[in-house]
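Quick notes on the structure that follows.
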Amino acid sequence: MLDETLFENDTPLPFEKEHFNGVGSADHDLRRRVLNFLVGREMPESDLLTVDAQHGTVVISGTLPSRRAKRLCIACCRRVAGVLNVIDEVHVC
């Protein structure tokens with residue numbers, strides 16, 4: 001069951017804006033928004049995760065301590081503006 005309290009006060013978090021010229025800046029911004037969302041929601045062990053983004057598809061990988069943490073992580077990723085698809089490569093230890 002999803003812990004809906006994670007989404008209370010669901011306000012956007014500020015993220016460090018980096019200016020890039022060329023291809024990939026939208027992907028970089030999306031990646032940063034996903035990472036900030038996970039950290040801002042105090043996801044357990046979010047520092048052990050890797051997030052990549054390309055054209056609205058986010059690939060999240062790494063290891064989390066429980067299936068519950070994994071479900072919450074994926075649910076959080078799906079809530080970020082600009083995420084069209086989430087590819088789950090997260091393992092549970």
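The values are calculated or read from the model by the stated rules, or taken from the named source; none is laboratory data. For clarity, every value in this text was computed on a predicted model and none was experimentally measured. Methodologically, a virtual Cβ is constructed for each residue, glycine included, from the backbone with ideal geometry; neighbour enumeration extends over all protein chains shown. SASA here: full protein model, heavy atoms, side chains in, ligands and nucleic acids out. Shrake-Rupley method; radii C 1.70, N 1.55, O 1.52, S 1.80 Å.
Assorted remarks:
- In a reduced charge model with +1 at each Lys and Arg Cβ and -1 at each Asp and Glu Cβ, the range 53-93 shows a dipole moment near 240 debye about its Cα centre.
- By accessible area with a 1.4 Å probe, ligands and nucleic acids excluded, highest first: order of Ile87, Ile74: Ile87, Ile74
- Net charge in the neighbourhood of Val92 (other residues with Cβ under 13 Å of its Cβ; Lys, Arg +1, Asp, Glu -1) is +1.
- Karplus-derived 3J(HN,Hα), 6.51/-1.76/1.60, for each residue of the range 53-59, Hz, glycine and proline x: 9, 8, 6, x, 9, 10, 10
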